[in-house]
1. Go through the range 31-68 and give me each residue that's over 24 Å from the mean Cα position of the chain (by Cα) and loosely packed, with under 12 Cβ neighbours inside 10 Å.
2. Please go through the range 36-53 and pick out each residue that is of a type in the set (Ser, Thr, Tyr) and closer than 18 Å to Gly22 by Cα.
3. For the range 1-36, enumerate the residues that are part of a helix (DSSP H, G or I), basic (Lys, Arg) and over 15 Å from Lys47 (Cα atoms).
Amino acid sequence: MSNQRYSPEFKDEAVRQVIERGYSVKEVADRLGVSRHSLYKWVNGMKPPDRSAEQAQELMEAKSEVLKLRAELRRTREERDILKKAAAYFAREPE
């Protein structure tokens, strides 16, 4: 087991090859001479933080907005239909 230390720049470049360039961890680890375990650790350490709670909140807000807009649309359509009937009633010529 090696206790070799790698510079942050080296680690960043290795991770970039996996994440941005799409190379496999095995391929990059073999080419750079590092263990796959280390490279997996570096890649997982560079991933963005979990945003599932934020995304769930945004989804709930969006659903709430959709429901509110649907109700408003339904009310607006009812008002339009009432106005159409009233216009048709008043547009009739008296007998």
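The values are calculated or read from the model by the stated rules, or taken from the named source; none is laboratory data. Small disclaimer: the values here were computed from a predicted structure and weren't measured. Every residue, glycine as well, gets a Cβ built from its backbone with ideal geometry; the counts of neighbours run over all protein chains shown.
1. Arg31, Gly33, His37
2. Here is the first cut: in the range 36-53, the ones of a type in the set (Ser, Thr, Tyr) are 38, 40, 52.
Those that are of a type in the set (Ser, Thr, Tyr) and closer than 18 Å to Gly22 by Cα: Ser38, Tyr40.
3. So in the range 1-36, the residues part of a helix (DSSP H, G or I) come out as 8-19, 25-32, 36.
Filter again for basic (Lys, Arg), leaving 11, 16, 26, 31, 36.
Once the filter is applied, which keeps residues that are part of a helix (DSSP H, G or I), basic (Lys, Arg) and over 15 Å from Lys47 (Cα atoms), the range 1-36 yields Lys26, Arg31, Arg36.
Yes/no per residue for (1) charged (D, E, K, R); (2) within 30 Å of Gln4 (Cβ to Cβ); (3) assigned to a helix (DSSP H, G or I); (4) modelled with pLDDT of 95 or more:
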{"residue": "Ser38", "(1), (2), (3), (4)": "no, yes, yes, no"}
{"residue": "Ala53", "(1), (2), (3), (4)": "no, no, yes, no"}
{"residue": "Ala56", "(1), (2), (3), (4)": "no, no, yes, no"}
{"residue": "Leu67", "(1), (2), (3), (4)": "no, no, yes, yes"}
{"residue": "Leu73", "(1), (2), (3), (4)": "no, no, yes, yes"}
